[in-house]
Structure formats: C-alpha cells, structure tokens
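Visitor: Here it is, the structure, as structure tokens.
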Amino acid sequence: MIKNYLKIAVRNLLRFKAYAGINLLGLALGLTVGVLILLFVQDELSFDKFHENKDRIYRVVTRNPAGGGMDTNGWPVGIKLKEEFPEVEEVVYLKGGSFLEVNHEGKKYHENIKFSSPGFLKVFSFEMREGNLNQALMEPNSIVITEKIRDKYFGQTEVLGKTMILGDTLDFQVAGVLANVPSQSHIQFDILLPMTAYQQINPFFDYHSSEGWGNINVFNYVLLKDGTDLASISAKAKHIYMDNVGEWLNEMGMELYVGLEPLGDVYIRSDIGNRLGPKGALSQVYLVSAIAIFVILLACINFINLTTARAVYRAKEVGLRKIVGSTRSSLFWQFLSESFVLTLMAFFLVALLIDIILPFFNVLMDKSYEIGNFLNLTTLGGVAILVILITVLSGYYPAWVLSGYKPAEVLKGRMQTSRKGVKLRRTLVVFQFFISAGLVLGTLVVLQQLNYMRDQDLGFEKEQILVIDASHTSNNFTGTSHEIFINAMHSQAVAQQITFTNALPGRPGWQGQWAFPEGFMKGENVTVEYMSIDEHYIETLGLEIIAGNNFDRSRGAELKEGVIINETAVREMRWETPENAIGKTITSPSGYPEGTVIGVVKDYHGLGLQNRIWPKVMDYNPQASRYFAIRFNTGSTADLVTQISGVWESHFPDDNFDYFFLDEDFDKQYRAEERLMNVMIIFAVLTIIIASVGLFGLVSFMIVTRTKEIGVRKVLGAGVWSITSMLSKEFLLLVMIANLIAIPLIWYFGNQWLESFAYRMTLQPDIFIITLVATLIIAFLTVSYKTVKAAMINPAETLRNE
C-alpha cells in the first residue's frame, strides 16, 4: 500500500512539473537554512564536551558586587582552593606566553604558547600522541607541542627529547606531542610550557606564593571530586578574597569574590570574557535559531498555500476516486505521501545547495565547516526529524482539505470555498509578511547602528597609520634602540610622525587598575586604564590637548612624575574642569608611581562604540611600550610597506616584521555586528522571496475561485486596471496589517538591542516607512502579475467554461 502511495505521488509530481518545481525550491531554500543553522547550533553548544571530566571541571573567576568580573585570579586563590577545600581534587594554573617566539633556524615565529601546571593534562582530555601524560610538564625545561607544531618544525617524525629554542637562548626538550587542539575547545594553544619555566623567566612571579592577591593575572580551573555539592563549595569559596585580604580591599573601596563556572558554560553562557580562546554568545544561538525556525515555517506555509491553491484543479480527481471506492483515509495518506516525497526531494536539493553555499556560510559565521561535519548521528537525526516534521506541518492541512471534497458537488462544479480555509490562508500570508517585515526592519536597525558607529567622530585620526607590533621581538627596548629606529624612519622621509606606545585605539593598555585621586577619602577609588606613551603619541593620533601640556623632554621632571589624563578621568576624579585637574596627584596600589597631572586630552574612543570611554592615565614610559605607530604620507601602500620593512630588517634582522593598519584593526571590533547584519540580510531576502511565492499561490487560488466574477465584471464594463485594483486591494491590506504588527515589536526589541551599546543611534521613523513601502511594492508586483493576466482574459471564454 505504501509503495503504491509513493508511486502515485511521484507520478502526480511529474505531471505538474511547474507546481512541483516552485514548491520544491521554496522548501529547499527553507530547509537549507534550517540544516546550516542546525549545524551551527550543534557546534556552538558542543564546546568542551569532549573532556572526560567535563561535569567536574569549573573555571575560577574573580567577581565584584557590581556584577563585573575577570577570567583571572590573584596568585594565592588556587593555593587556598587546594589547601582549604577537601572537595577540590586538582587545581590547574595557566598563564599566557605571547611574549615568547619559537627560534628556528635563525628566524622567529609567533605561536600560541601557554604556561601550565602539571595537572593541566590530567584534568583536561587533550589527546597525547607521544610522551607520558603524567610526566610531560614536570621538568622546567620540558615542552609539549601539538602535531601541527611538530609537522611545521620537525616533519612527521618522532620528536621526543629533541630541542626547541624559544626567545633567544631558552632551550626546551620535547616531552610530549598532543593531537591538535579541537576547534570546540575554549582553551586554544599550540605549545605548552611548565609553570615553573615561567617562574624562571620572571623571577618575581610565584604562583605558589601566599602573597600577590592584587596580581589578578593567573587563570585557574578546578576539578571537583565526585558527588561535590556545587552550591555548597561555591558559597564557601566566594569569600576567599574577603577572608584573607578583606581589610586591605576595604581600604581601597573594593570587594572581590571568587566564582565557579561549569566548564560547559564558559564558552556559550558566561558573562565574563575568555582570553584563552574563542567566546560565543547564547543570545546569538537563540537569534539565528529563531530566524531559522521562522524561515522553515514560511517554507511550510508556502507549501500549504500552493497545495490548497492547486486543490481546485484536483477536485474532480478526488470526486472520481471517491466514486470508484477510495475512502477519505486512503486519499489523505495519498496526498500526505506526496508531501513526503516532495520534502525528501527537497532534502536532496538541500545537499547540493549546501555544497555550494558552505564556503560563503563559513566566511559569514567565522567557522570552518566541511561536508563531513554533517555526517554524524546528531545532524542526520535532526534532518530525519525535520523531514517528518515538515511533511506533517506542510502536508496535513492540504491532505485533509483535498480528501474531504464531496464527489457529487465537485463533479457538478459546485465546489464551495470554505470561509475558515480562506481565513486561514489570509492569516498565513499576514504571518509570512510579518516575519519578512520584521527581518527587514531588524536588518535596517543593525545597519543604521553600524553606520552610526563608523561615522561617529572617534576623537582621533585612524587613517594612514601603519602599526608595527614589536611585542614579540627579542629587543626589549630598554635602551635607545627604539629612538634609533624612529630616527631612521624619519631620515627615509616615509613618516610624518612616529610614536612608541603600549596602547592604541582598539588595543587598550592596562584596564581595570585602581587609582586614588587627590581629594578622595580613604576607601574611595576610580578604576582606570593606565597607558605608557611617549611625547609623540598625541600628535601622531591627532588628539587634542584641552588643558596643560604634552610631555616635553626639555622638562625632565615631568617625564618622570607627570601624567596626562582624559576628560572622563577629570569627571570621575571629581575635579570639575580640566584646568582644575592640572597639578593634582594620582596614586595607585598596582605598582605605578605617584603621578602629577600635567595635561588633559579631549575624550577619544579607545574601543568601539559598544564600550564606554575609560578614564585614562598616561605616563611617559617608552621602555614599557610595544607598538610603533607610523603616520605616513599618501601614496602606494605596497611601496610604503616595502620601505618600512627594509628599515625594520636593517635594525632588527632577527625579528619578524609584523604590521597592521590602525583603521582596519580598529574596525575589527564591529565584526560581530557586521556578521549579524549579513545574516539578517540573507534571511530577510529569503523570507521576502518565500513570502512572495506564498502570496503568489494564494492569488492563484483566489483567481481560480473568482473567474466567473471577473468575467461578469468585464462584461459590465470594468477595465483591466479596475479589476486589478479590486483583486490587489485585499492582499495589500494583508501586507499592511503585517507591517502594523511588526513595527511596534521591532521598535521595542530594536531599542532593547541598542541599549547594549554605550553609544547608540536613535530609531527614526524612516526605516519603518521604507519597510512598509518596500513590502507593499513587492506584494503589489507579485499580485499584479497574476491579476493583470486574469483581467485580460476574454470574458466569453471564462463564462463559457463556467
């Protein structure tokens, strides 16, 4: 029986090729979106799931009462967790090693290096291909590398015991080779070094010290024992800071607490950043999932509209089948089987579309998916569920309608259109255009905010600045080598200005530092960003001094004791005006010397407009800097890079020439918004296409049922435009209703989204008017194609057929 249903279903689809083709394309587009988003969501929600102890591993974070937090901790926090909490089985320590480079055959290479305690490889399940898991990080001179690093520097050979040089003279012996770190790990690295090696390189650092509470720069993870009550240990661990150094923190007006985050929450759910690797957002998963569901629903609605529109052509077929003995049940399953076959065919088309679209989708979502990613039980199971779900969603109602026709009525040509059916189809059209209008409006909101952020006066000049990243060089610039390089650049007449600094717009200095301004009471402080600059920084970036002076080498005392602050610092330090701030002092418990304010610069955006402007304190300290920012003359960019790299290589032949352009680097902060906008544009276009096809189907249905009326009106003198207007008015009203529903919702949710930006545009009525007009024009063109054709038919033919 089933075989017979499927055979007849295929035959009917081949018989009505145009109808099947339109339905197939609509379904395929919707399902392609659904399958791609299914893969994306599955990937986002599976981060860190490969670790054997995933349910017992927790990230240790530092929080404050205001709700903010850091993914690092004070040095002694790990010690306290290990010594005072019997529930803790192991504590892991991690530090970044970006200051080191691999020294191979006289060339320096920047790799992703991390320092870790020996327990790291026991707690986390990174696969060891060579070496002893328990001994690999025990010796200070041991090094663990991934297969990628092994292949790059040694080739595919055994490397245990071989030497790798880091920096200039640091020799390490390969003690282990790991499989490449999975992309679904929030901790990313290429090389692991022992934490004891970090202590040898930086003797002042002791991660086993009972001091150093203020040095909040160590990443910690804990492995809890089986059966540990998370709520209980979290409540006890919370007060580690206040129990040990509460008095000191209170003197500075600070409160700090320890938090434990489940490993599975770090990437996708945590409100704290991740400086060890990628960071996702659950809100993005919800958004793209919701859009994908709507697109699939629209595709199903299209199927319903087109199938019911086609029903009038198959009414006599149903009547004849019932006369020869077919039951409503058998007809129902026959029509449902047609839906199943069409859905199945759509999925074969989906496979082809995905193969074509996947490279563009990877760029759009910043992923690296391959076709092989779809060949797993989760994705294939999801596809199977989608086939069944879509077959039922899109096929049930048309099958029920078709199988319910009465043979006597349809064979006599007296088939009546159900009022409920008409209302349902109108409701579906409203829903389709509501989604389409909502996505168009949402896209315009994102686009306008993105343009607003790009067009705003940032307070500095970011164009025509090339930056050399000197943070990975062997030269520590403690002498005058940076000045020699700067002088050489000037002698080449390449640069207008050059500055040497540790912070640039888009690449902040030391944010989150405590400062005690003159005039503050005990226990009061301001959280600031400390920056180290030279006397050329302000001129090179085009900043404006609004009070006091810039650094000047002729005033030596100012270089040692002076600081320059911004307007935000003036306000938060309660000094009222920039002029009043001159001569005031600022002290810090974080190791920065006491500074006297010698100048105030106008506020500028050190980060994208998603973020507030930090109070900035700039001291003169070129030796702590790492970026050469070079403002250049207009001309060939390629020639410029060649000239600058030549000067660099002549002064620092052992170091790579790593550079970027400041404007491009700064704009990278808007990638998330650009990605969201691109996704919404694609979905908006898709929904408009699908909604238009659905509207086309409903118009087709309406014209078939009103053929006689159209003929009578033409006989009575109605013109083509009059009939087209009459038939179009109803559908344009539906589109208008859809917009009126979408507009207040997008106004509300658009404003909610904009609240996440420190600097935002104000929603203007123009985007709502544009969307309304655009959707009405699209709907009118869609409807007119059919209605004009219907209005131009000879009434004699239509009335004779009736």
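Visitor: For segment 599-616, indicate whether the set of residues that are more than 32 Å from the chain's Cα centre (by Cα) and assigned to a helix (DSSP H, G or I) is non-empty.
Guide: Looking through segment 599-616, none of the residues is more than 32 Å from the chain's Cα centre (by Cα) and assigned to a helix (DSSP H, G or I).
Visitor: Among the residues of segment 127-158, write down those that are surrounded by 21 or more Cβ atoms within 10 Å (Cβ to Cβ) and among the hydrophobic types (A, V, I, L, M, F, W, C).
Guide: ALA136, LEU137, ILE143, VAL144, ILE145, ILE149 - these are the residues of segment 127-158 that are surrounded by 21 or more Cβ atoms within 10 Å (Cβ to Cβ) and among the hydrophobic types (A, V, I, L, M, F, W, C).
Visitor: Taking the criterion of being at pLDDT below 90 and within 28 Å of the chain's Cα centre (by Cα), would at least one residue in segment 98-109 satisfy it?
Guide: Checked against the condition, which is being at pLDDT below 90 and within 28 Å of the chain's Cα centre (by Cα), segment 98-109 yields at least one hit.
Visitor: Could you check segment 491-512 and list, in sequence order, the residues that are out of contact with any Lys or Arg (no Cβ under 6 Å at 6 or more places or on another chain) and crowded, with 19+ Cβ neighbours inside 10 Å?
Guide: Once the filter is applied, which keeps residues that are out of contact with any Lys or Arg (no Cβ under 6 Å at 6 or more places or on another chain) and crowded, with 19+ Cβ neighbours inside 10 Å, segment 491-512 yields VAL494, ALA495, ILE498, THR499, PHE500, THR501, ALA503, LEU504, PRO505, GLY506, ARG507, GLY509.
Visitor: Now for a different question. Could you grab the pairs with beta carbons closer than 7 Å, sequence gap of 6+ or different chains, first residue in segment 621-650 and over 13 Å from ILE486 (Cα atoms), second one β-branched (Val, Ile, Thr) and surrounded by fewer than 18 Cβ atoms within 10 Å (Cβ to Cβ)?
Guide: What qualifies is GLN623/THR478.
Visitor: Considering only residues of segment 116-126 that are among the polar types (S, T, N, Q) and crowded, with 22+ Cβ neighbours inside 10 Å, which is nearest to GLU105 (Cα to Cα)?
Guide: SER116
Visitor: Cβ contacts < 6 Å: first residue within 26 Å of PHE696 (Cβ to Cβ), restricted to segment 26-53; second residue among the polar types (S, T, N, Q), any location; separation 6+ or different chain. Result?
Guide: Here the result reads GLY26/ASN302, each pair linking segment 26-53 to a residue that is among the polar types (S, T, N, Q).
Visitor: Return yes when LEU466 is in contact (Cβ under 8 Å) with a residue 24 or more places away in the chain and under 30 Å from ILE743 (Cβ atoms) and no when it is not.
Guide: No: the conditions fail for LEU466.
Visitor: Given the residues GLU802, GLU755, which is the only one that is of a type outside the set (Val, Ile, Thr), at pLDDT below 90 and under 30 Å from TYR604 (Cα atoms)?
Guide: The match here is GLU755.
Visitor: Right, here's the next one. So which residues in segment 575-593 are outside any loop (DSSP other than H, G, I, E, B) and within 42 Å of the chain's Cα centre (by Cα)?
Guide: PRO578, ALA581, THR585, ILE586, THR587
Visitor: Moving on to the next point. Does segment 184-195 contain at least one residue that is assigned to a loop (DSSP other than H, G, I, E, B), in contact (Cβ under 8 Å) with a residue 24 or more places away in the chain and either basic (Lys, Arg) or within 24 Å of PHE652 (Cβ to Cβ) (or both)?
Guide: Within segment 184-195, one or more residues are assigned to a loop (DSSP other than H, G, I, E, B), in contact (Cβ under 8 Å) with a residue 24 or more places away in the chain and either basic (Lys, Arg) or within 24 Å of PHE652 (Cβ to Cβ) (or both).
Visitor: Does ARG706 satisfy the condition of being at pLDDT 80 or above, assigned by TED's automatic domain parsing to the domain that holds VAL440 and surrounded by 13 or more Cβ atoms within 10 Å (Cβ to Cβ)?
Guide: Judged against the criteria, ARG706 is not a match.
Visitor: Determine whether THR577 is outside the structural domain of TRP213 (by TED's automatic domain parsing), closer than 30 Å to PHE757 by Cα, surrounded by fewer than 18 Cβ atoms within 10 Å (Cβ to Cβ) and not aliphatic (A, V, I, L, M).
Guide: So THR577 fits the description; yes.
Visitor: Name every residue in segment 64-79 that is assigned to a loop (DSSP other than H, G, I, E, B) and under 29 Å from the mean Cα position of the chain (by Cα), in order of residue number.
Guide: Of everything in segment 64-79, those that are assigned to a loop (DSSP other than H, G, I, E, B) and under 29 Å from the mean Cα position of the chain (by Cα) turn out to be ASN64, PRO65, ALA66, GLY67, GLY68, ASP71, THR72.
Visitor: Considering only residues of segment 592-634 that are of a type outside the set (A, V, I, L, M, F, W, C) and out of contact with any strand residue (DSSP E or B) (no Cβ under 9 Å at 6 or more places or on another chain), which is nearest to ILE468 (Cα to Cα)?
Guide: THR634
Visitor: Give just the number: which of (1) touching a residue at least 60 places away in the same chain (Cβ under 8 Å); (2) farther than 26 Å from LEU466 by Cβ; (3) charged (D, E, K, R) does ASP655 not satisfy?
Guide: Of everything listed in (1) touching a residue at least 60 places away in the same chain (Cβ under 8 Å); (2) farther than 26 Å from LEU466 by Cβ; (3) charged (D, E, K, R), ASP655 misses just condition (2).
Visitor: So, THR596, is that one touching a residue at least 24 places away in the same chain (Cβ under 8 Å), closer than 20 Å to TRP514 by Cα, outside any helix (DSSP H, G or I) and polar (S, T, N, Q) or not?
Guide: The answer is yes for THR596.
The values are calculated or read from the model by the stated rules, or taken from the named source; none is laboratory data. Everything numeric here is computed off the predicted structure, so don't read it as measured data. Every residue, glycine among them, receives a Cβ derived from its backbone with ideal geometry; neighbour counts consider all protein chains shown.
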